[in-house]
Amino acid sequence: MNILLIGSGGREHALAWAIANSPLTDTLFCSPGNAGIAHEAEIVALNIDDPAAIISFCNLNSIGLVVVGPEAPLVAGLADKLRSAGITTFGPDAAAARLEGSKGFTKDICAKYNIPTGTYGRFDNEPDALAYLAKHSAPIVVKADGLAAGKGVTVAMTMDDAETAVRDIFAGRFGAAGAEAVIEEYLEGEEASFFAICDGATAVAFGSAQDHKCVGDGDTGPNTGGMGAYSPAPVMDEAMCRRTMDEIINPTLAAMAAEGAPFQGVLFAGLMITATGPQLIEYNVRFGDPECQVLMMRLKDDVVTIMLAACAGTLDKVSVRWRDTTALTVVMATEGYPGDVQKGSVIGNLDAAAAMKGVQIFHAGTKRDDSNIVANGGRVLNITAQAGNVAEAQGLAYAAVDAIDWPQGFCRRDIGWRAVAREKGTA
Ligand code: AMP
Ligand code: GLY
């Protein structure tokens, strides 16, 4: 069948790579795409904010499946519109995508259906939010309610910081995403990402990962979209995965169905593994980026078959198998990221690095300029390696990083440190 993938990041390159390998795929199209995705798919220039244009493209090109990568079009209702036009689409409709689009909505669902998460308050004005803060103590977490590209969260270690965060939100720093604020309990433990593919009624566990959000080594410096990840997350052993399915994922799926907004697509739970078990930090309604890159490396089964089962409501007949390996990805970014970056620097020696055994290079912000690949954004490359354990995958990924000739790029040098220490018995 012909498939259309929407998106342009490293996540979408990994999805394109997996989808292009499926025996079910005839032609894969991608929009907007990037220079790496162009190896796997035919790039098409579509305005992804224009559902009518996407629908007519699908009809003209006999598209049998649309896969929506990022959250913004899902929250905006792209999947609803495609499905209304009779086009099979992997990804939640707008009502279900509120699990990512509104942190307050998710907290209310958790409260109503007894899903473990921190205590919280929801506020649409500054005085009430400050009054709530006055009754609590630091550390405490202040969040803009809506989509803020990962920048709307302040983990406040002092009450001063918490108050500043509240004032920033109501001063309009996050635009419409900050019309409301959520203030929540600070959870302590180890963080992990857990994924489930859902068809509205059934959820199938789809692996775990840990990412590194801070820009600097040792988890220091400002937050980013993610500087690296590895899968599986050692803290997510079989028992913890089962508890997460039983206590968090399955109750959420049942809750969304009961609320009249059944969830179809990828449910990505950001978890804190606390002393009493898994607690939900937040939901995303799509694959993580760069977590998707490591999941696709380890996936043994055909991703298109799994996505089609989610669309058809037949996931109860599907099982998902993984390679018994660790995959680790290192993000290379343009210097200056997560601040402003200069576009256009030339990246050399990519082919030699990609040819290393066990290595896949997924592109994020890249562009082809004549015969060169040039940087076209903040996060640019995902150097991904698969090996028998975390230390080996880490060594291989950094060997490939070192083979790349890109003076204007940088990466963290310690991706996977926690898992490597655990492997060595020093954690
Ligand atoms: P989010 O964008 O909601 O994933 O938040 C970004 C990061 O803030 C998370 O990955 C956590 O490290 C941290 N965080 C968010 N909420 C909490 C919480 N309730 N307790 C502790 N840390 C949190
Ligand atoms: N890497 C975190 C995210 O995709 O939200």
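The values are calculated or read from the model by the stated rules, or taken from the named source; none is laboratory data. Note that this is a predicted model, so its numbers are computed, not measured. Positions of Cβ are generated from backbone atoms using ideal geometry, with glycine treated the same way; all protein chains shown enter the neighbour counts. Protein only, heavy atoms only, side chains kept; ligands, DNA and RNA dropped before computing areas. Shrake-Rupley method; radii C 1.70, N 1.55, O 1.52, S 1.80 Å.
Observations
- Only one entry in D369, D402 is of a type in the set (D, E, K, R) and either touching a helix residue (DSSP H, G or I) at 6+ places or on another chain (Cβ under 8 Å) or free of Cβ contacts under 8 Å to residues at least 12 places away in the same chain (or both), namely D402.
- Looking only at region 291-329, and only at residues there that are under 14 Å from the mean Cα position of the chain (by Cα) and hydrophobic (A, V, I, L, M, F, W, C), the one that is nearest to ligand 2 (Cβ to nearest atom): C292
Okay, residues lined up against (1) under 23 Å from Q360 (Cβ atoms); (2) crowded, with 23+ Cβ neighbours inside 10 Å; (3) at pLDDT below 95:
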residue: H39; (1), (2), (3): yes, no, no
residue: I43; (1), (2), (3): yes, no, no
residue: I55; (1), (2), (3): no, no, no
residue: N61; (1), (2), (3): no, no, no
residue: P70; (1), (2), (3): yes, no, no
residue: L78; (1), (2), (3): no, yes, no
residue: F90; (1), (2), (3): yes, yes, no
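- Residues in region 286-322 that are without any contact (Cβ under 8 Å) to a residue 60 or more places away in the chain and either touching a Leu at 6+ places or on another chain (Cβ under 9 Å) or within 16 Å of ligand 1 (Cβ to nearest atom) (or both): R321 alone.
- Count of residues meeting criterion [in contact with a helix residue (DSSP H, G or I) (Cβ under 6 Å, 6 or more places away or on another chain), β-branched (V, I, T) and under 18 Å from G216 (Cα atoms)] in region 372-399: 1
- Of the residues examined, G91 is one that is within 25 Å of Q293 (Cβ to Cβ) and out of contact with any Asp or Glu (no Cβ under 6 Å at 6 or more places or on another chain).
- Residue that is farthest from T329 (Cα to Cα), among those in region 225-244 that are open to solvent by 10 Å² or more (accessible area, probe 1.4 Å) and assigned to a loop (DSSP other than H, G, I, E, B): D237
- Consider region 245-290 and keep the residues that are closer than 17 Å to I197 by Cβ, in contact with a helix residue (DSSP H, G or I) (Cβ under 8 Å, 6 or more places away or on another chain) and assigned to a helix (DSSP H, G or I). The one that is nearest to ligand 2 (Cβ to nearest atom) is T252.
- Residue satisfying condition, being in contact with a Cys (Cβ under 8 Å, 6 or more places away or on another chain) and touching a residue at least 40 places away in the same chain (Cβ under 8 Å), within set I3, I37: I37
- Filtered residue count, region 186-204, keeping only those that are crowded, with 17+ Cβ neighbours inside 10 Å, within 17 Å of the chain's Cα centre (by Cα) and not β-branched (V, I, T): 6
- Q279, sole failed condition from (1) surrounded by 19 or more Cβ atoms within 10 Å (Cβ to Cβ); (2) closer than 27 Å to M1 by Cβ: (2)
- Yes/no for I197 being assigned to a strand (DSSP E or B) and over 23 Å from G265 (Cα atoms): no
- G218 meets all of the listed conditions (1) open to solvent by 20 Å² or more (accessible area, probe 1.4 Å); (2) modelled with pLDDT of 95 or more; (3) in a loop (DSSP other than H, G, I, E, B) but one, namely (2).
- Extreme residue, farthest from G313 (Cα to Cα), among residues of region 175-200 that are in contact with an Asp or Glu (Cβ under 8 Å, 6 or more places away or on another chain) and within 16 Å of ligand 2 (Cβ to nearest atom): A177
- In this structure, E180 does not qualify as over 30 Å from P251 (Cα atoms), open to solvent by 30 Å² or more (accessible area, probe 1.4 Å), away from ligand 1 (no atom under 14 Å from the Cβ) and not β-branched (V, I, T).
- Residue check for A239: within 13 Å of ligand 1 (Cβ to nearest atom) and modelled with pLDDT of 95 or more: no
- Only listed residue being more than 16 Å from ligand 2 (Cβ to nearest atom), surrounded by 20 or more Cβ atoms within 10 Å (Cβ to Cβ) and touching a residue at least 24 places away in the same chain (Cβ under 8 Å), chosen from A85, A129, A138, A97: A129
- Selection of region 147-164 for residues being within 12 Å of ligand 1 (Cβ to nearest atom) and either at negative phi or touching a strand residue (DSSP E or B) at 6+ places or on another chain (Cβ under 6 Å) (or both) yields L147, A148, K151, G152, V153, T154, V155, A156, M157.
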